[in-house]
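Below you'll find the structure, written out as structure tokens, and then a few comments.
The values are calculated or read from the model by the stated rules, or taken from the named source; none is laboratory data. What you see is a predicted model; the values in this text were computed from it and never measured. Note: ideal-geometry Cβ built from the backbone for every residue, glycine included; neighbour counts use all protein chains shown.
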Amino acid sequence: MSRIALGTLLIGAVAVALWVAATGPSALAANNSEQVVFSGGGAFPGVTPFGFWIWCEAQSSNPYQGQCNGAMYFYALGITKHVAGMVTEVAPDMYEINVVSTADGSVACSLTNTPPVTKGPKNTVEVTCTAPSAVQNMTGTSTTAVVNVTGP
């Protein structure tokens with residue numbers, strides 16, 4: 001075997017070994033994060049339709065672990081706000097997301113899904129808010145929410 005062929009073979013073997021090390025199960029598992037997304041719309045009966053899209057980093061080794069970002073709107077109240085907060089897995093397949101509007105605190109809500117998580121717009125999410133005051137002490141429900149959980 002010539003030196004060029006041997007060198008090419010050695011470089012190829014090293015490249016394959018590095019690729020396996022970088023993409024093998026142990027390397028991938030260390031970087032995985034559990035992400036939770038709630039998306040949908042519903043109503044606070046007699047007051048307003050509402051909607052939400054909130055993404056959370058549920059379990060992770062990165063600095064965003066537990067944090068959520070997204071948006072909520074209250075149609076009849078003319079309120080659409082960016083929200084941020086935290087997520088907690090309160091039981092298997094059951095998540096509670098607590099968010100507050102980042103600009104002015106005019107939205108403060110807790111969203112909780114009913115387990116089990118089902119693929120597609122078939123999940124129930126209950127929403128309770130301390131703000132806006134028009135929906136305070138009420139429960140709004142979305143029965144067509146998408147709840148997506150990915151990761152470990």
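Working carefully through the options Cys129, Cys109, find the one that is under 16 Å from the mean Cα position of the chain (by Cα) and under 16 Å from Pro49 (Cα atoms).
Cys109
Restricting to segment 75-84, name every residue that is touching a residue at least 24 places away in the same chain (Cβ under 8 Å) and in a strand (DSSP E or B).
Ile79, Lys81, Val83
Among the residues of segment 38-74, which ones are at pLDDT below 95, surrounded by fewer than 17 Cβ atoms within 10 Å (Cβ to Cβ) and not in a strand (DSSP E or B)?
Result: Ser61, Asn62, Pro63, Tyr64, Gln65, Gly66.
Working only within segment 85-129, note down all residues that are of a type in the set (D, E, K, R), within 16 Å of Gly66 (Cα to Cα) and either at pLDDT 95 or above or not in a strand (DSSP E or B) (or both).
Within segment 85-129, Asp93, Glu96 meet the criteria.
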